[in-house]
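Written out below as structure tokens is the structure these notes cover.
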Amino acid sequence: VQRAQKEKDQVTAFLHEVSARLVEMEKDMVVTHTASQEVHLNDSRFHENIEEEIRNLHENVVKLDNFENLKSFVVVQISKISSALHERSEEYKTRIETAQRESKNLKKNFKTLIGKVIDKNKALMEEVQRDPLTEIFNRRTYEIALAAELERFHRYRKPFTLIFFDVDNFKAVNDRFGHDAGDKVLMAISRRVGEILRKPDV
């Protein structure tokens, strides 16, 4: 019961960690989306300002009759527009660099999170499939493997081998030396059997 509770606590803690990471990533996405909306608004304002400067230039070109005044006005207006475009260009460059950094971080976070989930899933699968004392496959896994082998036998008619053996006088070990000693005997037997099995054997 204690072991089951400990495993449950570990899984719960892991799920909390995953949840917290997902919440952080969601916040990052919301911030990025909000920033995108602000950028769109700034872009609209910038285009309006440029259009206004160009309209202003056009109107004054028509009004001004003195060539020197016209020339200096055009130079000033073109300089303003050029400066605004240069600033915007630098801003775009910075924005692209920031977006690339944020995208990289987001990908890294996702990769880390997915890696952790996969590793935890493998560990949990191992725990579910194996006996905690002997670390050999448990009855549930054995029944699944046996069902798969029977299915294969019915399909391809290739024989397979199933071995049963009994541990002689095991009860006497428990009675005389106690259950801890009995556990050690089971662990030793499992280890010895494991040493002579091939990789595909269950």
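The values are calculated or read from the model by the stated rules, or taken from the named source; none is laboratory data. These numbers were taken from a predicted model, which means no experiment stands behind them. Because the Cβ atoms are built from the backbone with ideal geometry, glycine has one as well, and the counts that use them run over all protein chains shown. When the accessible area is computed, the model is the full protein with side chains, heavy atoms only, and any ligands, DNA or RNA have been set aside. Shrake-Rupley method; radii C 1.70, N 1.55, O 1.52, S 1.80 Å.
What relative contact order, as a whole-number percentage, does the chain give when Cα pairs under 8 Å and 6 or more residues apart are counted?
14
Put GLU38, GLU90 in order of accessible area, largest first, 1.4 Å probe: what do you get? Could you put the intermediate results ahead of the total?
Working: GLU38 110, GLU90 75 Å².
Descending order: GLU38, GLU90.
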Task: Given charges at Cβ of Lys, Arg, Asp, Glu: the stretch 43-202 dipole, positive-most of PRO132, ALA147, PRO159 - done: PRO159
Open item on the list: Rolling a 1.4 Å sphere over the protein heavy atoms, what is the accessible area per residue of the stretch 45-197, to the nearest Å²?
Closed with: 84
TODO: Restricting things to alpha carbons, tell me how big the stretch 78-199 is in terms of Rg and Dmax, in Å.
DONE: 30.7, 102
Open item on the list: At 222 nm, what value in deg cm²/dmol follows for the chain if DSSP H runs of at least 4 each add -39500 (n - 2.57) and the sum is divided by all its residues, to the nearest 500?
Closed with: -30500 deg cm²/dmol
TODO: Treating the angle as unsigned and between 0 and 90°, give the value, to the nearest 10°, between the Cα long axis of helix 67-129 and the longest Cα principal axis of the chain.
DONE: 10
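Rounding to the nearest 20 debye, state how big the charge dipole of the chain is about its Cα centre with +1 on each Lys and Arg Cβ and -1 on each Asp and Glu Cβ.
Values: 35 positive and 35 negative charges, 253 e Å.
It comes to approximately 1220 debye.
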TODO: Give me the number: length gained by fully extending GLU91 to LEU106, i.e. 0.36 nm times residue separation minus the C-alpha to C-alpha distance, one decimal in nm.
DONE: 3.2 nm
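Roughly speaking, to the nearest percent, how much of the chain's 1.4 Å accessible area is carbon and sulfur?
Carbon-and-sulfur percentage of accessible area, whole number: 57.
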Open item on the list: Going Cα to Cα from LYS8, which lysines come in below 22 Å? Please leave out same-chain ones fewer than 8 positions away.
Closed with: LYS116, LYS120, LYS122
